[in-house]
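The values are calculated or read from the model by the stated rules, or taken from the named source; none is laboratory data. Every value quoted in this text rests on a predicted model; they were computed, and no experiment measured them. Note that we place each Cβ from the backbone using ideal geometry, even for glycine, and neighbour counts take in every protein chain shown. For the accessible areas, the whole protein counts, side chains as well, though only heavy atoms, and no ligand, DNA or RNA atoms are used. Shrake-Rupley method; radii C 1.70, N 1.55, O 1.52, S 1.80 Å.
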Amino acid sequence: MQFGYKTILNINYTDKMRHTKVKDLLNSTTTLHEVNAKGWVRTFRNNQFIALNDGSTIDNIQCVVDFENTADETLKRITTGAAISVTGTLIESKGAGQKFEIQVVKLEILGDSDAEKFPIQPKNKPSLDFLRENAHLRVRTNVFGAIMRVRSVLSFAVHSYFQEKGFVYVNTPVITGADAEGAGEMFQVTSLPLDDLPKNEEGSIDYKKDFFGKQTNLTVSGQLEGETFAMALGQIYTFGPTFRAENSNTSRHLAEFWMIEPEVAFNDLHDNMDLAEDFIQYVIKYTLDKCPADLKFLESRLLEEEKSKPQADRSELALLDKLNFVLENNFKRVSYTEAIAILRECTPNKKKKFSYIIDEWGADLQSEHERYLVEKHFKCPVIVYDYPANIKSFYMRLNEDGKTVAAMDILFPGIGEIVGGSQREERYDVLIEKMKVIGIDEEELWWYLDTRKFGSAVHSGFGLGFERLVLFVTGMTNIRDVIPFPRTPMNAEF
Ligand code: ATP
Ligand code: MN
């Protein structure tokens, strides 16, 4: 085969992989004499037109089969889901909607797909619920192809942002011996035989016999370890899996999710808010630039989905407008005290429409309150800061007033909390005192306390749930649809 057009398409061929990606074929600037494409059949019409998709783009390439000169046996095997290889000429398409198509000269069935059995049939549009049960195949649909490409680009954007700014990427441990973070219920890691647990003299489980000689868990956050690195490397970030055994069966919680946690020495709470805002705007911009076709597709999907909803529940902005809105507008910053004042006076609170009525300073904000602030009151992303100390974690820095901490949550429309962060308590005495009150064992966290003993300094960081970001950017509404194989209570299939 001659590959004279190599340079035109800007493709790197290896000897083994000589087919051209559908994306590159569709973006070609000229017709081409001989091309080869490999992918999966989406549809086959009139015994003639194959819509072929190879995952490189949301768009299919039309492959026109010369059915008069193709064996019936072969034509029958061109079914939805089948893997095929087509060789032919890239010609200008007469059909609407595509610039090029392949006039097929040679067609090879690489892998059959029984039309009766393949669960994903384009004719009867499968529901998201059905697709969730077929997560191994749902990625072959337009929606999930688009989501997973956007997810991939977003994760690269995360690294790109921090690397450009000189942050060091840190891999904090997945198995942790520190259970004091208190961010959520933990999954225990053990190699002890569960049907025959070794007991100590008091009759409780003898963890000295466990793999690590102590009780261990899957991490709920890399923050505490991340802080130790920030106190040496200056600016660090983690981006890895975290696990929470919280039994919250919501559309925003997973038992296994990916968290991004930057931690920066010498940053105070306001620097922290600036960083979070700048970061979110950067990754959204990056994705808008790199994934226009996928986002356009997801925008129309959302419009379609919302048609069945009452007007009041539909988004005010279409997806791309919503993303641009976040780029172009500053996040509204309000203190917890101001937020409570707004919530106390708002109509749903007075009319007792909230499940949790806000009547006093000190109340924890529930998702219904967060969404009211964002979606009804401010109508833009909101940063709430300076929360009451007793509803936040022990490591957050106590403010001068003695009753609030330098914490901040970023709340997004349709999502609620997307970021939780704080300035960390850098004063050894204050931190120890706080731990005593809450009952956290000093000895457990001896290493964490060392950072406050040796060269302690102001520092801040935050945690952003990656899937909540993907939810926002893709306009999907259930977090189970933005991670390849979701883990939720009672579900660990695949
Ligand atoms: P929420 O109140 O929504 O349960 P949280 O306050 O427990 O969240 P943090 O401990 O502050 O969450 O974690 C930091 C970020 O991680 C959150 O802002 C959110 O984006 C994300 N996150 C937390 N729990 C989950 C979860 N179970 N699934 C997916 N993302 C999560
Ligand atoms: Mn939080």
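What to note about this one:
- Under 17 Å of direct C-alpha separation, and excluding same-chain neighbours fewer than eight residues apart, residue 209 reaches these lysines: 199.
- Dividing the helix sum by the residues of the chain, where each DSSP H run of 4 or more adds -39500 (n - 2.57), gives a mean residue ellipticity at 222 nm of -9000 deg cm²/dmol.
- In terms of overall dimensions, the chain has a Cα radius of gyration and Dmax of 26.9, 85 angstrom.
- Solvent-accessible area per residue in the chain equals 50 Å², computed with a 1.4 angstrom probe and all protein chains kept.
- For segment 94-112 versus segment 196-267, the gap between their alpha-carbon centres in whole angstrom: 50 Å
- Lysine pair count for segment 2-111 [Cα-Cα under 23 Å; pairs on different chains or 8 or more apart]: 22
- All aspartates and glutamates inside 16 Å of residue 332 as judged from Cα atoms, apart from same-chain residues fewer than 8 positions distant: 271, 274, 277, 278, 370, 375, 386, 409, 417
- Globularity ratio of segment 149-241, using Cα Rg and 2.2 N^0.38 Å: 1.45
- Taking the C-alpha atoms only, the angle from helix 223-233 to the longest principal axis of the chain is near 90 degrees.
- Here segment 231-381 has an Rg and Dmax of 18.4, 54 Å, counting Cα atoms alone.
- Calculated P(r) of segment 2-111 - Cα pairs past 24 Å, %: 17 percent
- Partner lysines for residue 307 [C-alpha distance under 25 Å; skip if fewer than 8 residues away on the same chain]: 123, 125, 296, 322, 376, 379
- Protein heavy-atom surface of segment 111-213, 1.4 angstrom probe: 52% of the accessible area is carbon and sulfur, with nucleic acids and ligands not counted.
- For segment 429-493 versus segment 406-428, the gap between their alpha-carbon centres in whole angstrom: 10 Å
- Estimated at 0.36 nm per residue, the fully extended path between residue 308 and residue 437 surpasses their Cα-Cα distance by 41.3 nm.
- Size of electric dipole in segment 2-111: Cβ of Lys, Arg +1 and of Asp, Glu -1, about Cα centre, debye, nearest 20: 280 debye
- In segment 2-111, the DSSP beta bridges split such that about 90 percent are antiparallel, to the nearest 5.
- Helix 142-164 and the longest principal axis of the Cα set of the chain meet at an angle near 50°.
- Here's the picture: charge each Lys and Arg Cβ at +1 and each Asp and Glu Cβ at -1 in the chain, and of 373, 169, 83 the one pushed furthest to the positive end of that dipole is 83.
- Burial order of peptide ranges 429-436, 201-208, 392-399 (average beta-carbon count within 10 Å, highest first): 392-399, 429-436, 201-208
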